Amino acid sequence: MVKGIRFFAFLPVVLAVMGPAAGPAFADCTDVAQPGVEWRRCYHDGRNLQGANLSDATLRDTSFQRANLAGANLSGASGFRVRFVSANLQGADLTGADLSEADFTKADLSGAILKDASFRRARFFRAILRGADLSGADLDLADLLHADLSGATWVDGERVCADGSVGQCD
């Protein structure tokens, strides 16, 4: 019993010394939008992040429902299961981003740059991808049901989807 008490008396000191080496520190969800920010399991629903630079950001399990990310730079961002439901991503740059299993349901990605990005198993249900550039994008098992692909450059980088292309590039 005495040994246990001694250990717990020194526990705060041990944790203070080991704290920085114990593992990666995650950024606070209130941290400023900037390149390389780590927002994990954060809620940015309805936020105005228009033109924000989130290049190389870590956005795992973060929610941007109804957020304004028009013209934002998300190039190189990494975010498994990010939610962009009904978000405005018009003209956003997602070049080289890894957004596997992201949810873009009803999101507006008009004119967005999605080049060389990974959207494996992502959901684009009723998303607007008019004029978006999907060159080199990985859409393996992505759900494009009712997505508007009119004028989008397809993954092969050559074919441009016809007006009225819904759910597939015609």
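Summing +1 for each Lys or Arg and -1 for each Asp or Glu, what net charge is found among the other residues whose Cβ lies under 12 Å from the Cβ of TRP154?
Neighbour charge sum, excluding TRP154 itself: -2.
Pull out a ≥ b ≥ c, the square roots of the eigenvalues of the alpha-carbon gyration tensor of region 44-124, then state rounded if a/c is under 1.5, prolate if not and a/b is larger than b/c, and oblate in the remaining case.
Working: a/c = 1.26, a/b = 1.10, b/c = 1.15.
Since a/c stays below 1.5, the shape of region 44-124 is classed as rounded.
Write down the Å³ per residue value for the convex hull defined by the alpha carbon atoms of region 66-170.
Taking the convex hull of the Cα positions in region 66-170, it is 68 Å³ per residue.
Taking the Cβ of ASP133 as the center, what net charge do the other residues with Cβ under 13 Å away carry, scoring Lys and Arg +1 and Asp and Glu -1?
-1
No value in this document is a laboratory result; all are computed from the given coordinates. None of the values given here were measured: they were computed from a predicted structure. Heads up, the Cβs are rebuilt from the backbone with ideal geometry, glycines too, and the neighbour counts pull from every protein chain shown.
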